[in-house]
Amino acid sequence: MEPASAPSGILMTDEQFLQLRDFIYEKSGIYFADSKKSLLESRLTYRLKAYNFTDYEKYYYLLKYDPQAGKELRALYDTITTNETSFFRSPPQIEAFAEKALPDVMARRQRSGEKTLRIWSAGCSTGEEAYTLGIVLKEVLKDTLREWDIRICASDISEKALRSAKQATYNEYALRSVPAEIRQRYFKAENSQFVVADEIRALVELQFLNFMDSSRMQLMKGFDIIFCRNVLIYFDDAARKKIVSHLYDNINPGGYLFIGHSESLHNITRAFKLVHFPGALGYKKE
């Protein structure tokens, strides 16, 4: 449920909303529709409190003109992004990855004599998805995992989320969909928390990435499988088209893209081939 107004009582004018909304969109591609004014107002209140500001205009000018704005921009991203995720989220997609996409990509790699595998968790949030993919790889490859050169890139625009992902420590709720035998093999219980096993953490490389940074996006090359789930919903169509165009370039021929089950590439691109899996959809670069 979205707050009706900022908890501190500091109200955002329509003009301030448009200024901040457009600034955030320009910098990150994240779009706040007119109906999300109260949500943005509520979230930014905490940044105003950090500076003892009494109105949103002062905060806007800090972001726009202050020499130290770069640091605050990172804090802004932490504030406006939503980091709701869990291990083994959307099981049909995880099964499609494990039973269809992964064997297909690995067979192609083996035929070419290259035992390399590159996977990207784009918009990884606090890391649950990336570590889930690592666990699946270990379960599928078992002892032959060491024969492969495998890297899972996990990126996000929120440094706070990335710090949490680096800790790789989660509560019971985050593991609610994890089978008991998987939990026993790949997590170490510490007090009321669960820590991801080192062998899984070693597969994952965490990094900060803004999807609107075209120069960085162009460097994200050579991926066999990309998960970009429940990310595109935060962007408008123009930004989605830009992001998906980059993702297409980032994937090797024959590679796969998975997006959220409620998301679609309809009216975004026709470059990918839609693939029907049992209970899930994916996209393939032919």
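The values are calculated or read from the model by the stated rules, or taken from the named source; none is laboratory data. Quick caveat, the model's predicted, so the values are computed rather than measured. Here Cβ is always computed from backbone atoms with ideal geometry, including for glycine, and neighbour counts include all displayed protein chains.
The set of residues in the range 120-146 that are free of Cβ contacts under 8 Å to residues at least 60 places away in the same chain and of a type outside the set (Lys, Arg) comprises 125, 126, 128, 132, 136, 139, 140, 141, 143, 144, 145. Quick check on the range 49-71. Is at least one of its residues among the β-branched types (Val, Ile, Thr), more than 17 Å from residue 157 (Cα to Cα) and either assigned by TED's automatic domain parsing to the domain that holds residue 119 or more than 27 Å from the chain's Cα centre (by Cα) (or both)? Yes, there is a match, as at least one residue in the range 49-71 is among the β-branched types (Val, Ile, Thr), more than 17 Å from residue 157 (Cα to Cα) and either assigned by TED's automatic domain parsing to the domain that holds residue 119 or more than 27 Å from the chain's Cα centre (by Cα) (or both).
Quick check on my filter: what residues within the range 77-135 are in a loop (DSSP other than H, G, I, E, B), crowded, with 16+ Cβ neighbours inside 10 Å and of a type in the set (Val, Ile, Thr)? Passing the criteria: 81, 85, 126. The set of residues from the range 54-76 being among the charged types (D, E, K, R) and in a helix (DSSP H, G or I) comprises 57, 58, 64, 71, 72, 74.
Restricting the search to the range 211-228, which residues are among the charged types (D, E, K, R), part of a loop (DSSP other than H, G, I, E, B) and under 16 Å from residue 156 (Cα atoms)? Hit for the range 211-228 is 213, nothing else.
Mind listing whichever residues of the range 34-52 are touching a helix residue (DSSP H, G or I) at 6+ places or on another chain (Cβ under 8 Å) and in contact (Cβ under 8 Å) with a residue 40 or more places away in the chain? The answer is 40, 48. Return a yes/no flag: does the range 158-180 have any residue that is more than 18 Å from the chain's Cα centre (by Cα), among the hydrophobic types (A, V, I, L, M, F, W, C) and farther than 25 Å from residue 259 by Cα. Yes, there is a match, as at least one residue in the range 158-180 is more than 18 Å from the chain's Cα centre (by Cα), among the hydrophobic types (A, V, I, L, M, F, W, C) and farther than 25 Å from residue 259 by Cα. Of all the residues in the range 184-202, those that are of a type in the set (D, E, K, R) and modelled with pLDDT under 95 number 1.
Beta carbons closer than 8 Å, at least 6 apart along the sequence or on distinct chains, pair a first residue in the range 220-236 that is in contact (Cβ under 8 Å) with a residue 12 or more places away in the chain with a second that is part of a helix (DSSP H, G or I) and hydroxyl-bearing (Ser, Thr, Tyr) for 236/25.
When you scan the range 230-252, do you find a residue that is on the phi > 0 side of the Ramachandran plot and exposed (fewer than 15 other Cβ atoms within 10 Å of the Cβ), even just one? No, the conditions are met nowhere in the range 230-252. Any idea which of 90, 112, 86 is more than 22 Å from residue 275 (Cα to Cα), of a type in the set (S, T, N, Q) and within 15 Å of the chain's Cα centre (by Cα)? One residue alone meets the criteria, 86. Scanning the range 39-61 for residues that are hydrophobic (A, V, I, L, M, F, W, C), within 21 Å of residue 15 (Cα to Cα) and surrounded by fewer than 17 Cβ atoms within 10 Å (Cβ to Cβ) yields one hit, 39.
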